[in-house]
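To start, the structure itself, in structure tokens.
The values are calculated or read from the model by the stated rules, or taken from the named source; none is laboratory data. From a predicted model like this one, the values you see are computed outputs, not experimental measurements. Glycine also receives a Cβ, built like all others from the backbone with ideal geometry; neighbour counts cover every protein chain displayed.
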Amino acid sequence: MASPELSLTAKLHHSFFDTFKDRGDLHFSPVVPSRLDQPTKVSSNSLLATQLGIDPAALESQTMLDLVSGNFGTANIKPIALVYSGHQFGVWAGQLGDGRAMTLGELPVTGADGKIELWDLQLKGAGPTPYSRFADGRAVLRSSIREYLCSEAMHGLGIASTRALYLLDSKTRIYREDVESGAIVCRVARSHIRFGSFEHFHYRNQPEGVAALADYVIDRHFPEWAAEHNRYLKLFTQTVENTAKMIAQWQAVGFSHGVMNTDNMSILGDTLDYGPFGFLDSYNPNFICNHSDSHGRYSFKNQPSVGLWNLNALATSLMSLLSSDELIAVLKTYEPHYLAHYRALMAAKLGLLEYRDDDEQLLNSLLELLQKNAVDYSLFFRQLCTFSATDQSVRDHFIDRDAFDLWAEQYLQRLVQQPLTDQQRCAQMLRTNPKYVLRNYMAQAAIEKAQQGDYSEVNLLLRVLQNPFDEHPEAEKYAGLPPDWADHISVSCSS
Ligand code: AMP
Ligand code: MG
């Protein structure tokens, strides 16, 4: 049997596909990673490695550390940076591009159906590219830990996301508000094409660039549409549906992305570019997780409508491929898709087998109560799993107990209309309401230890967040209310 090291080398160095580079009609820039001083492994993701067909033992190898630190030697890896533009905070920002990310290549992975899928392997933080503008092309350890853990937390929650295979730290000094260490995340994604990738060519009056990109996405992800005359309509429809589903899932789990600029929206509807994200602690629809978002454009409650705003921006950039009537008709499907997903997800959180019209009142009155009583969102739903006529311990979260009792009475009346025992409902709800979400203070605890050279908390959180519905006795400290100091953590775009 080949050693893990050799099989990794074979997989990464000889079986990389370059479907993007090889097409000739797509735009990219060849780039060379800049070395970090004394790179050290912080964490690697054996679960993802297995899914990618990489022997997890190979993650421990020098080859892997070399790969992620951009030290390829003579290997046949020729990284590229992609160009894109975008609307940032609602304003056209012009050209952006991979300023600190480099795609190493596309890894062929055999899916469950036996078909080969390609996954991009990217280094985030590997030094400047032609799109770095005046920035350094680096990522600090703090933000890299956040991206690494949150990608996997979202995947663990069943939400489409880019993934993270490996995280390294280094002795390279990076200058932000403080001096921090430079890190690299090896990000893995089905696609790194953004809404802004299409906007880039549209606003440059390059419809052939828009078409080439759309054809590329179709060829790679939806080859069965390639010969169809309405393939672009199908692509846009798919993006609208996937985006609606993703945002409904964010809302149901209490996730706030923080920077929903069009350059951070994936054409496949995967959660992309983790910056100042946050999970709700106490339920507050006005929650703004990004300290730099002074007007709350990307507040928690605004996410569904920003999703539509962003899809509108994408629609505009597809005007050379589709008529306005076609684009508008598809955009109109966003809201029903969003609502259908959101309602199904919230019904499941409540242990309801279906969402009925009058459940709207039950749900809205609950959300109002959670907000008024500043009840912790994730904890409430987790404890609701064991709620019954005789166990109402979840009541202790409310200051206004009478108001909760009124709601609980309605809820009990609704539950008895279902053919489910309390135990059956509880079992279902425990698979829907996570015990663990990546609250800011948890990431902060892992960051502070890692900055002292202790990576144990990063690795503990990775294990826990990959299976957030399970019991993890060793992480019980993260299953309760956040500590008081959590309120004072401020997260901004500076990373
Ligand atoms: P973000 O807010 O992380 O989505 O980044 C917005 C844009 O700024 C993207 O084009 C990034 O590539 C670029 N960018 C962010 N940080 C850096 C950095 N340290 N060096 C170079 N480019 C960066
Ligand atoms: Mg970005």
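Region 407-495 holds helices (runs of 4 or more DSSP H) entirely within its bounds, and those carrying 3 or more residues that are in contact with a helix residue (DSSP H, G or I) (Cβ under 6 Å, 6 or more places away or on another chain) and touching a residue at least 24 places away in the same chain (Cβ under 8 Å) map to 440-451, 456-466.
Output yes when any residue across region 384-391 is part of a helix (DSSP H, G or I) and touching a residue at least 24 places away in the same chain (Cβ under 8 Å), and no when none is. Yes, region 384-391 contains at least one residue that is part of a helix (DSSP H, G or I) and touching a residue at least 24 places away in the same chain (Cβ under 8 Å).
Name the strands (runs of 3 or more DSSP E) wholly within region 79-139 that hold at least 1 residues that are within 13 Å of ligand 1 (Cβ to nearest atom), within 19 Å of the chain's Cα centre (by Cα) and more than 17 Å from L48 (Cα to Cα)?
The strands (runs of 3 or more DSSP E) meeting that bar are 85-88, 101-110, 116-124.
Per the conditions (1) farther than 22 Å from V185 by Cα; (2) surrounded by 16 or more Cβ atoms within 10 Å (Cβ to Cβ), the sole criterion not satisfied by L481 is (2). The residues listed here are L67, L59, L36; of these, the one that is within 23 Å of S181 (Cβ to Cβ), among the aliphatic types (A, V, I, L, M), in contact (Cβ under 8 Å) with a residue 24 or more places away in the chain and assigned to a loop (DSSP other than H, G, I, E, B) is L36. Out of L339, L345, one residue alone is closer than 15 Å to A248 by Cβ and surrounded by fewer than 15 Cβ atoms within 10 Å (Cβ to Cβ). It is L339. Looking only at residues of region 397-406 that are part of a helix (DSSP H, G or I) and touching a helix residue (DSSP H, G or I) at 6+ places or on another chain (Cβ under 9 Å), we find that the one that is surrounded by the most Cβ atoms within 10 Å (Cβ to Cβ) is F404.
How many of the residues in region 253-288 are in contact with a helix residue (DSSP H, G or I) (Cβ under 8 Å, 6 or more places away or on another chain), part of a loop (DSSP other than H, G, I, E, B) and within 15 Å of ligand 1 (Cβ to nearest atom)? Here the count works out to 9.
Does region 177-195 include one or more residues that are surrounded by fewer than 23 Cβ atoms within 10 Å (Cβ to Cβ), without any contact (Cβ under 8 Å) to a residue 24 or more places away in the chain, assigned to a loop (DSSP other than H, G, I, E, B) and not assigned by TED's automatic domain parsing to the domain that holds I80? No: region 177-195 contains no residue that is surrounded by fewer than 23 Cβ atoms within 10 Å (Cβ to Cβ), without any contact (Cβ under 8 Å) to a residue 24 or more places away in the chain, assigned to a loop (DSSP other than H, G, I, E, B) and not assigned by TED's automatic domain parsing to the domain that holds I80. Of the set (1) in a loop (DSSP other than H, G, I, E, B); (2) in contact with a helix residue (DSSP H, G or I) (Cβ under 9 Å, 6 or more places away or on another chain); (3) under 28 Å from P130 (Cα atoms), all apply to I54 but (3).
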